[in-house]
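**Q** Before anything else, here's the structure in question.
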Amino acid sequence: MICLALECTAHTLGFAVVERTAAGECKILSNEKDTFKTESGGMVPLELRAHHERVWESVLQKALENSGKAWDGIDLIAFSSGPGMAPALIAGMQVAKKLALENKKPLLGVNHCVAHIEIGKALAGSKDPVVVYASGANTQIIGFETGYYRVFGETLDIGIGNLLDSFGRSLGLGFPAGPALDKWYFEGRQFIELPYTVKGMDLVFSGLETFAEKYWEKNSFGKTLEEQGQLKKDLAFSLLHNAFAELTEVTERALAHTEKSEVLVVGGVGASRALKEMLEKMCKARGAQLFITPLSVVVDNAAMIAWLALLEQNAGRAQKLSEIDINPKWRTDQAEAIWIKN
Ligand code: FE2
């Protein structure tokens, strides 16, 4: 079976063509995208929608061409119906419905967060992991139990990627700030004491952000450019250290409670080398195995949407076009995982 899918929950407009082979393997035939970027960071929802409406046709064309497939070779169309920013989701749904109608194909709306998990499992080779889902808007520690991916712990305020982007913006970095901060993490020389907040199994990041930003404002004044550069690196090291240590602590507790023996990192922050190193140490100490989603599919992309739709279709899910809608607040633990046997 071959699925053509569209990703459209936030800043990325993507199209991909993916095959589920007879052996049940995931084969990505093409995975194209155009990402809305700004110099100063941040996202304006209506500008996002305009971006998606402007670029979708050329991205679709590229995805079809690179897959070597024409419309008659496509069995299913899918799109990410939530969670996400409503203007972006609406733009995506309108395109998906138009393509389904014009080409007389079945359409499925799937959960973006669960798609991150399933593509990670398929390509990294993990079977039943505790999932560290770390992206811009979402930060959750997840595991499958009886029919659903359950959320064991999550951020009570901002996503860890948003923490990095907002903090990066205060240091003059554009969007996304994660890669530059991750580089600075390894160049930091001094640890600066910053807030560290874990509440039970949940995480809090806004106090950490505010404290670090105030620290920068207060201590960068009157310094040479070189001194400011080192202070940025020290702050990046300290902030990433605390944020990732919070994630690692909750992940370790989830491993202990569930008795699972795998950890899988999904979502854009999964590209961080600092996070990988920290989780690696914890997993080694517990005798667990760490899986990282391959870089090519770790950030938002349409191949993950296509793969989840293929799993769902194979398990018997179908939707009527008139019933399909967006769901901007669709939680990971509200999407029934019918393709997983208990
Ligand atoms: Fe995402």
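**Q** Regarding the chain, what's the average projected area of the Cα-atom convex hull, expressed in nm²?
**A** Seen from a random direction, the Cα hull of the chain projects 17.3 nm² on average.
**Q** Need the C-alpha centroid separation for region 169-203 versus region 69-103, integer Å.
**A** 36 Å
**Q** What size of dipole, in debye to the nearest 20, comes out for the chain about its Cα centre when the only charges are +1 on Lys and Arg C-beta atoms and -1 on Asp and Glu C-beta atoms?
**A** Computed charge dipole of the chain: roughly 300 debye.
**Q** Once you keep just the Cα pairs under 8 angstrom separated by 6 or more residues, what percentage relative contact order results for the chain?
**A** Relative contact order for the chain comes out at 26 percent.
**Q** List R273, R49, R150 from most exposed to least, where exposure is judged by having the fewest other Cβ atoms within 10 Å.
**A** The fewest-first ordering by Cβ neighbours comes to R273, R150, R49.
**Q** Compute the separation of the alpha-carbon centres of region 215-256 and region 130-163 and state it in Å as a whole number.
**A** So the separation of the two Cα centres works out to 22 Å.
**Q** Among A50, L29, L164, whose Cα projects farthest towards the positive end of the dipole of the chain, with charges put on the beta-carbon of Lys, Arg (+1) and Asp, Glu (-1)?
**A** L29
**Q** Could I ask something else about it? Would you list T293, T139, T332 from fewest to most Cβ contacts within 10 Å?
**A** Ordered from fewest to most neighbouring Cβ atoms within 10 Å, T293, T139, T332 come out as T332, T293, T139.
**Q** Of the chain, which part is the longest with no GluC sites (Glu not before Pro) in a loop (DSSP not H, G, I, E, B) and with at most 16 other C-beta atoms within 10 angstrom?
**A** Segment 40-186 is the longest.
**Q** How do R189, R54 line up, fewest other C-beta atoms within 10 Å first?
**A** Least to most surrounded, the residues fall as R189, R54.
**Q** With a cut-off of 8 Å between alpha carbons and a minimum separation of six or more residues, what is the relative contact order of region 118-296 in percent?
**A** Computed value for region 118-296: 31 percent relative contact order.
**Q** Give me the number: length gained by fully extending K27 to W339, i.e. 0.36 nm times residue separation minus the C-alpha to C-alpha distance, one decimal in nm.
**A** 110.5 nm
**Q** What is the set of long-range amide H partners of H11 at a cut-off below 5 Å, with H atoms built 1.01 Å from backbone N?
**A** Residues meeting the amide H criterion: none.
Since every read-out is calculated from the coordinates, none of them should be taken as a lab result. Quick caveat, the model's predicted, so the values are computed rather than measured. Methodologically, a virtual Cβ is constructed for each residue, glycine included, from the backbone with ideal geometry; neighbour enumeration extends over all protein chains shown.
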